[in-house]
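Before any comments, here is the structure.
Just so you know, all these numbers are worked out from the coordinates, no wet-lab data involved. The model shown is predicted, which means the values in this text are computed figures rather than measured ones. Here the Cβ positions follow ideal geometry from the backbone for every residue, glycine too, while neighbour counts run over all protein chains shown.
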Amino acid sequence: MSAAPVILVDADACPVKEEVYRVAWRHAVPVKIVSNSRLRVPEHPLVERVVVSDGFDAADDWIADAADDRSIVVTADILLADRALKAGAAVLAPTGKPFTAASIGPAIATRAIMADLRAGMGDGVGGPPPFSKADRSRFLQALDAALVRLKRG
């Protein structure tokens, strides 16, 4: 019998924690909320708060070490997404967009280009669009679908 699925959340700036809880409870799947500081989480047997040191990338390192083929990682961090994919995890951005082996390379390249542009032009280069209700809805659907796939094996 394979291990139960688990949802690992890069929680410090995650806008969809409440949605994660709702989907996890419906599927009876444990959630680990990983952050550098103590965040408020529901008192629920399926929710575990993991507070790591405030060292650079400490939360990312913890998640990457814990990720495997029974994990769904929720993160907007492209480099963490890459590490989690290499560990065999399914990875979703808070917008519901899945990171895949096919999409991660171009995402890393775009990230590097944008960092170079920001370095050369300052803050004049915009970031991602504001988080929307449509993003939240897409995320709920994507997380539900990812859990169904993981449970089926």
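Do any trypsin sites (Lys or Arg not before Pro) in segment 1-70 lie in a DSSP loop with no more than 13 other beta carbon atoms within 10 Å, and if so, which? Don't skip to the answer; put the middle values down first.
Values: sites: K17, R22, R26, K32, R38, R40, R49, R70; in loops: R38, R40, R70.
Of the trypsin sites (Lys or Arg not before Pro), the ones in loops of segment 1-70 whose Cβ has at most 13 other Cβ atoms within 10 Å are R38, R40.
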For segment 33-55, list residues with backbone N below 15 Å from a point placed 7 Å from the Cα of A4 toward its Cβ?
33, 44-49
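Send over the per residue convex hull volume for segment 6-152, Cα only, as a whole number of Å³. All intermediate terms of the calculation are to be shown ahead of the outcome.
Details: hull volume 17.0 nm³, N = 147.
About 115 Å³ per residue, rounded to a whole number.
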Are there any chymotrypsin sites (Phe, Trp or Tyr not before Pro) in segment 1-94 that are in a DSSP loop and have at most 10 other Cβ atoms within 10 Å? List them by number.
F56
What are the GluC sites (Glu not before Pro) within segment 1-82 that DSSP puts in a loop, where the Cβ has at most 11 other Cβ atoms within 10 Å?
E43
Just add up the charged neighbours of L143: K/R +1, D/E -1, any other residue whose Cβ is under 13 Å from the Cβ of L143.
+4
Give me the Kirkwood hydrodynamic radius of segment 33-107 in Å, from all C-alpha pairs, to one decimal place?
13.0
